[in-house]
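Data first, discussion second: the structure below is written as structure tokens.
The values are calculated or read from the model by the stated rules, or taken from the named source; none is laboratory data. Note that the structure is a prediction, hence the values are computed from the model and not measured. So basically every Cβ, Gly included, is an ideal-geometry build from the backbone, and we count neighbours across all protein chains shown. Just so you know, the surface numbers come from the protein's heavy atoms only, side chains and all, with ligands and any DNA or RNA stripped out. Shrake-Rupley method; radii C 1.70, N 1.55, O 1.52, S 1.80 Å.
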Amino acid sequence: QVQLAESGGGLVQAGGSLRLSCATSISIFALNNMAWYRQAPGKQRELVARITRDGSTNYEDSVKGRFTISRDSAKNMVFLQMNNLKPEDTAIYYCYGGLLALDYWGQGTQVTVSS
């Protein structure tokens, strides 16, 4: 069983920054890919950013240039640096890990951006 644990959410004003962290219970290189998703009230969960085992990254269009996904293999952690936050970024952010055909999720961390 793979366990993921997020941290770093909070309340920030528009234009501010937050850094989310996700700690994994196994080597991040054992996972096919890791990602950050978010879910706003009344909306479907959506992919925000993904990083594959080989280090390739991709981002949802609205966060390109503002968010950066990165990893620290020595600590088995993945990060999401979020800059120039907007009220529409308000959501619960979930860490995701894919292993073969299995999906693993963290419990989520709330990010609230005030205008």
Filter result for the condition that a residue is within 27 Å of Q1 (Cβ to Cβ) and of a type in the set (F, W, Y), over Y96, Y59
Y96
How many residues of segment 1-51 are of a type outside the set (G, A, S), assigned to a loop (DSSP other than H, G, I, E, B) and open to solvent by less than 30 Å² (accessible area, probe 1.4 Å)? The answer is 2
Subset of segment 70-80, residues open to solvent by less than 60 Å² (accessible area, probe 1.4 Å) and either out of contact with any Ser or Thr (no Cβ under 8 Å at 6 or more places or on another chain) or within 14 Å of S17 (Cα to Cα) (or both), comes to S70, D72, F79, L80
Going through segment 62-83 in order, the residues found to be β-branched (V, I, T) and more than 20 Å from T24 (Cα to Cα) are V63
Filter segment 52-65 down to residues that are touching a strand residue (DSSP E or B) at 6+ places or on another chain (Cβ under 7 Å) and either in a strand (DSSP E or B) or modelled with pLDDT of 95 or more (or both), then give me how many there are.
6
Going through segment 84-108 one residue at a time, which ones are open to solvent by less than 20 Å² (accessible area, probe 1.4 Å) and closer than 26 Å to I26 by Cβ?
Y93, C95, G97, G98, G106, G108
